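To start, the structure under review is shown below, and the notes come after it.
The values are calculated or read from the model by the stated rules, or taken from the named source; none is laboratory data. Nothing here was measured: the structure is a model prediction, and the numbers come from that model. Ideal geometry is used to build each Cβ from the backbone, glycine not excepted, and the neighbour counts take in all protein chains shown. The accessibility values were calculated without ligands, DNA or RNA, using every heavy atom of the protein model including side chains. Shrake-Rupley method; radii C 1.70, N 1.55, O 1.52, S 1.80 Å.
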Amino acid sequence: MPKLSLILPCYNVDKYIEKCLDSLINQTEKDIEIILVDDCSTDNTYKIIQKYSKKDKRIKFFKTSDNGGSGAARNLGRDNATGEYIWFVDSDDYLEPDACEVLYNEAKNNKLEILCFNARNVISRDVYDKVLNLDVLFNFTKWPVNVIIDVTKQGANLSEHIPFFPWTYIVKNSFLKQKFPEQKHFENVVFTSTLFSKASKLKVITYTPYNYVLKEKNIIQSPLNDLKIKCEMNNLSLLLDYISSNYIKKNHFLSRLLKIRYKYFLNLINQYEKQMNAAYIFSGEEKKLLGKIKSSTKKSFSFYIKNIMPFGIFRLYKRFTSHELIYLLRK
């Protein structure tokens, strides 16, 4: 059994994948497997994957039957992973040389289910004329550092503000039972947050082994469309179902996360309507789902009395978004 399985979804990354793969095959820890899943690339990505697989026997490669997105590609890779721990790496990023060695030893020595760490933001050459290392961008500083956390018992005391990216942690293979939602956008949110909620041995360290390459496609935000709206709505549905079926309390970080994602969704709708210069039309099922979320995130009557009586309606307006305020006043 390899110590680590590195799983990489690959789609049209022929400009970046060689740097990524070089950083993997040259790790100081040699007992790893590298699983590459080509998601129907239309450039030279698959040819590069085949070339590298001939160089290094630790590389396994697969090809999806259709372009299903990163979630579907990661699920295929996970189904074929045999390592003791799993790390989902993006194929246009790269690792520090000792990344696998440091992370595996830390996880193994502490018998961890999940080990979280930092990532560095790097500007790629296709945007500027040189590589520029920025300050650490993705980190878990709102969670306790360098201690083992039992999330199953401490969920109410943990912050809902965490990086959802699956390349900011490694997870024990035997602990990982769930799969990514197979959608094109925002597929990491529910996967990571619900995975963390099940962990009894999770640790956060300040080590930074991962280099996240910021490219032009990341800098220039792509326009909103119906698919993005529906993907985020699916996240709300999945998160609400998980909270309900597992009897998660309202002070748990997942319940607070649902509120945040709901506000984020309202903001997406606002942006979409401005962009399209038209109202978004909700289906009957979507209206029903939003009604359930409003009900689950609604404050108690005593909360409104406490906030309205001493400070007046203006204080309430400042506290909530316009969408939420209209909803509260209607109630």
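The table that follows gives values for the structure above.
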item: Orientation-averaged projected area, Cα convex hull of segment 41-120 (nm²); result: 6.7 nm²
item: Approximate spin-label separation Ser65-Met1, in nm, with each point projected 7 Å along Cα-to-Cβ; result: 3.1 nm
item: Accessible area per residue, Å², segment 11-94 with all protein chains present, probe 1.4 Å; result: 42 Å²
item: Modelled FRET efficiency - R0 22 Å, Ser53 with Glu182, Cβ distances, 0.05 increments; result: 0.30
item: Set of aspartates and glutamates with alpha-carbon distance to Lys263 below 15 Å, sequence-local pairs under 8 removed; result: Glu160, Glu232, Glu324
item: Fraction of accessible area attributable to carbon and sulfur, segment 233-298 (%, probe 1.4 Å); result: 53 percent
item: Residues in segment 80-106 reached by a label modelled at Lys19 [backbone nitrogen below 16 Å; 7 Å Cα→Cβ]; result: 90-97
item: Segment 188-255: chymotrypsin sites (Phe, Trp or Tyr not before Pro) in DSSP coil with no more than 16 other Cβ atoms inside 10 Å; result: Tyr207, Tyr247
item: Backbone N within segment 166-207 under 16 Å of label point (7 Å from Asp79 Cα along the Cβ vector); result: 177-183
item: Leading residue at positive end of dipole, segment 246-302 (Cβ point charges), from Asn251, Ile281, Leu268; result: Asn251
item: Greater than 20 Å apart at Cα, pairs in Lys19/Lys215; Lys142/Lys259; Lys51/Lys184; result: Lys51/Lys184
item: Modelled FRET efficiency - R0 35 Å, Thr28 with Leu266, Cβ distances, 0.05 increments; result: 0.15
item: Local electrostatic count at Ile25 - Lys and Arg +1, Asp and Glu -1, tallied over other residues with Cβ under 9 Å; result: 0
item: Apportionment of accessible area to carbon and sulfur, segment 163-224, percent (1.4 Å); result: 54 percent
item: Dipole magnitude of segment 1-98, debye to nearest 20 (Cβ charges: Lys/Arg +1, Asp/Glu -1, about Cα centre); result: 420 debye
item: Cα-centred dipole magnitude for segment 238-284, charges only on beta-carbon of K, R (+1) and D, E (-1), debye, nearest 20; result: 280 debye
item: Stretch gain in nm, segment Lys292-Asp241, where the contour uses 0.36 nm per residue and the Cα spacing is subtracted; result: 17.3 nm
item: Distance histogram in 10 Å bins (all Cα pairs of segment 155-247, percent per bin); result: 12, 40, 35, 13, 0
